Amino acid sequence: GEYEAATAAQTEGVRLYRTHGTPAQVAAALLTLGSIETIVGDRTAARRLLEEARTLNPRNGSAATNLAELEFADGDFESAVRYGREAFDYFRIRHPSNACIALCNLAAYSLALSRVDDARAFAREGLEMANALHASDLSGLAIQHLASVAAASAHHERAVRLLAFVDAHFATLGVQRDT
């Protein structure tokens with residue numbers, strides 16, 4: 001919670017990497033600083049830092065993920081989908097669990113655009129990927145998004161059953177479902 005100190009330390013880290021590091025190191029430091037700015041609420045600074053990180057290291061799925069979440073929170077769902085697809089494309093080969101999360105995020109972004117079929121496809125693919133990884137927490141996340149798809153499709157009873165399953169499943173894992 002000491003964000004002022006974190007910002008100062010990370011700003012110094014960015015400065016040092018700009019002088020002595022590689023572009024990938026600068027990008028990683030900018031990504032962290034952008035995350036801090038997101039937390040403290042300076043979305044303009046966060047977006048600028050994340051875009052610079054993405055420019056320095058275009059193959060950085062984390063910058064795209066964070067930008068997608070910023071755009072989603074700001075109501076620019078089309079941009080969220082664009083960044084979300086970029087993140088998924090990056091993570092698909094390199095980090096399957098992050099790819100699964102990206103698919104679940106894409107399901108949420110698609111629902112915000114009333115693209116229920118796209119949302120269903122993303123959530124199902126996320127569930128298949130989570131199951132292949134034997135990642136029960138990610139399976140629960142994907143099922144939670146399938147519940148949202150069911151609700152958006154006016155299948156309310158199904159949505160309630162899926163959410164009840166997710167709640168019970170997450171309780172066994174000791175975590176709470178995002179609301």
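The values are calculated or read from the model by the stated rules, or taken from the named source; none is laboratory data. The model shown is predicted, which means the values in this text are computed figures rather than measured ones. Using ideal geometry, Cβ is built from the backbone for each residue, glycine included, and neighbour counts are taken over all protein chains shown. Accessible surface is based on the protein model in full, side chains and every heavy atom, while ligands, DNA and RNA are left aside. Shrake-Rupley method; radii C 1.70, N 1.55, O 1.52, S 1.80 Å.
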Quiz item: Of the numbered conditions (1) under 30 Å from residue 133 (Cβ atoms); (2) at pLDDT 95 or above; (3) of a type in the set (Ser, Thr, Tyr), residue 35 satisfies every one except a single condition; which is it?
Solution: (2)
Exercise. For the stretch 160-179, name all the residues that are free of Cβ contacts under 8 Å to residues at least 12 places away in the same chain, touching a helix residue (DSSP H, G or I) at 6+ places or on another chain (Cβ under 9 Å) and in a loop (DSSP other than H, G, I, E, B).
Key: 176
Quiz item: Among the numbered criteria (1) surrounded by fewer than 16 Cβ atoms within 10 Å (Cβ to Cβ); (2) modelled with pLDDT under 95, which single criterion is violated by residue 163?
Solution: (1)
Quiz item: Which residues, taken from the stretch 56-83, are touching an Asp or Glu at 6+ places or on another chain (Cβ under 9 Å), in contact (Cβ under 8 Å) with a residue 40 or more places away in the chain and among the hydrophobic types (A, V, I, L, M, F, W, C)?
Solution: 68
Quiz item: With (1) closer than 30 Å to residue 128 by Cα; (2) open to solvent by less than 50 Å² (accessible area, probe 1.4 Å); (3) at pLDDT below 95; (4) small (Gly, Ala, Ser) as the list, and residue 84 as the residue in question, which single condition is left unmet?
Solution: (3)
Quiz prompt | Selection count where residues are closer than 15 Å to residue 107 by Cα and either touching a His at 6+ places or on another chain (Cβ under 6 Å) or open to solvent by less than 60 Å² (accessible area, probe 1.4 Å) (or both), scope the stretch 121-136 | solution = 7
Quiz item: Could we say that residue 55 is β-branched (Val, Ile, Thr) and surrounded by 20 or more Cβ atoms within 10 Å (Cβ to Cβ) here?
Solution: no
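So that you can scan it fast, the table gives a plain yes or no per residue for (1) under 26 Å from residue 55 (Cα atoms); (2) hydroxyl-bearing (Ser, Thr, Tyr):
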{"residue": "89", "(1), (2)": "yes, no"}
{"residue": "96", "(1), (2)": "yes, no"}
{"residue": "104", "(1), (2)": "yes, no"}
{"residue": "115", "(1), (2)": "no, no"}
{"residue": "120", "(1), (2)": "no, no"}
{"residue": "125", "(1), (2)": "no, no"}
{"residue": "129", "(1), (2)": "no, no"}
{"residue": "136", "(1), (2)": "no, yes"}
{"residue": "141", "(1), (2)": "no, no"}
Practice problem: Return yes when residue 139 is buried (at least 18 other Cβ atoms within 10 Å of the Cβ), within 24 Å of residue 172 (Cα to Cα) and either among the polar types (S, T, N, Q) or in contact with a Pro (Cβ under 8 Å, 6 or more places away or on another chain) (or both) and no when it is not. | Solution: yes
Quiz item: So which of 67, 111 ends up being closer than 30 Å to residue 150 by Cβ and touching a Phe, Trp or Tyr at 6+ places or on another chain (Cβ under 7 Å)?
Solution: 67
